[in-house]
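Reviewing the structure listed below.
The values are calculated or read from the model by the stated rules, or taken from the named source; none is laboratory data. This is a predicted model, so every value here is computed, not measured. Neighbour counts run over all protein chains shown; Cβ positions are idealised from the backbone, glycine included. SASA here: full protein model, heavy atoms, side chains in, ligands and nucleic acids out. Shrake-Rupley method; radii C 1.70, N 1.55, O 1.52, S 1.80 Å.
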Amino acid sequence: MAGGSLHVVLLGPPGSGKGTQAERLAAKLSVPAISTGEMLRAAVAQGSALGARVEGVMASGQLVSDELMAEVVQDRLAKDDCKGGFLLDGYPRTAAQTQTLDDILDDLGERLDHVIYLSVPEEELVRRALLRQRDDDTEEVIQERLRVYRNETEPLVAHYEQAGLLRRVDGDRSMDEVTAAMLEAIR
Ligand code: ADP
């Protein structure tokens, strides 16, 4: 495919503002924002077979299995709207998922261009998480999500740093400032 495609991963803890920024950035870059969390919540809301499989795991703050996520993401990234690139929010979240994403991109004849890491101090994360609390989120589940993030996902920062793909952005600023910094980081 001709040069113009852009493949970006957004990495950051729960509460870092990834979802909001993914939407804003995708609009600016004219690529779809693909949020695995949103996709799974939609599946649960629709009562689909996928939704039934992931509902309990999501409610507990744990991760859906790498195998199931691989199917979900592979199907999604094969769709026509991803031909010019995409912005992934919420995937990969584990070391195994980084490998799966590489394999999917390989099959498509593409590669990852940037991994934007949104960093936000821990106490700000907890504050934001409590503010935006969804109905079914107890403080316990929020803490569990942060714990899973630290154990499973945070190590990906070093992985992508070594790969030369990591772009760090300070997420502890106004939404507009963060969007501008993200755009600057991938120019
Ligand atoms: P958060 O609310 O922490 O920002 P998301 O909205 O991205 O998280 O995702 C909500 C939930 O969906 C996660 O806690 C997890 O159970 C599931 N999920 C989303 N993406 C993935 C993934 N890549 N691997 C495993 N589980 C995922």
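Would you confirm whether or not segment 29-38 contains a residue that is over 29 Å from GLY84 (Cα atoms), more than 11 Å from the ligand (Cβ to nearest atom) and part of a helix (DSSP H, G or I)?
Applying the first criterion (over 29 Å from GLY84 (Cα atoms)) to segment 29-38 yields none.
Scanning segment 29-38 turns up no residue that is over 29 Å from GLY84 (Cα atoms), more than 11 Å from the ligand (Cβ to nearest atom) and part of a helix (DSSP H, G or I).
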State which residue is nearest to the chain's Cα centre (by Cα) when the search covers only segment 155-181 and only residues that are without any contact (Cβ under 8 Å) to a residue 24 or more places away in the chain and either open to solvent by 70 Å² or more (accessible area, probe 1.4 Å) or within 16 Å of the ligand (Cβ to nearest atom) (or both). GLU161
How many of the residues making up segment 7-28 are open to solvent by less than 50 Å² (accessible area, probe 1.4 Å) and either under 11 Å from LEU88 (Cα atoms) or part of a helix (DSSP H, G or I) (or both)? 11
All-but-one check, ALA43 against (1) within 13 Å of the ligand (Cβ to nearest atom); (2) in contact (Cβ under 8 Å) with a residue 40 or more places away in the chain; (3) in contact with a Lys or Arg (Cβ under 9 Å, 6 or more places away or on another chain), failing number (2)
Restricting to segment 112-128, what's the tally of residues that are open to solvent by 30 Å² or more (accessible area, probe 1.4 Å) and either closer than 16 Å to PRO13 by Cα or among the basic types (Lys, Arg) (or both)? 8
Please give the number of the condition GLY56 fails out of (1) open to solvent by 40 Å² or more (accessible area, probe 1.4 Å); (2) more than 8 Å from the ligand (Cβ to nearest atom); (3) in contact with a helix residue (DSSP H, G or I) (Cβ under 9 Å, 6 or more places away or on another chain). (3)
Being closer than 30 Å to GLU139 by Cβ, among the basic types (Lys, Arg), open to solvent by 50 Å² or more (accessible area, probe 1.4 Å) and within 11 Å of the ligand (Cβ to nearest atom), is that true of even one residue in segment 92-111? yes
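Restrict the check to segment 85-98 and report whether at least one residue is modelled with pLDDT under 95 and of a type outside the set (Phe, Trp, Tyr).
Taking segment 85-98 and keeping what is modelled with pLDDT under 95, we get none.
For segment 85-98, residues modelled with pLDDT under 95 and of a type outside the set (Phe, Trp, Tyr): absent.
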Segment 59-83, residues that are open to solvent by 40 Å² or more (accessible area, probe 1.4 Å) and within 13 Å of the ligand (Cβ to nearest atom): ALA59, SER60, GLN62, LEU63, SER65, ASP66, GLU67, GLU71, GLN74, ARG76
For segment 129-139, name all the residues that are surrounded by fewer than 18 Cβ atoms within 10 Å (Cβ to Cβ) and either in contact (Cβ under 8 Å) with a residue 60 or more places away in the chain or not in a helix (DSSP H, G or I) (or both). ARG132, GLN133, ARG134, ASP135, ASP136, ASP137, THR138
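Each row is one residue, and each column tells you yes or no for (1) within 23 Å of TYR117 (Cβ to Cβ); (2) of a type in the set (A, V, I, L, M).
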site	(1), (2)
LYS28	yes, no
VAL31	yes, yes
SER48	no, no
VAL54	no, yes
MET58	no, yes
GLU67	no, no
GLY85	yes, no
GLN97	yes, no
THR100	yes, no
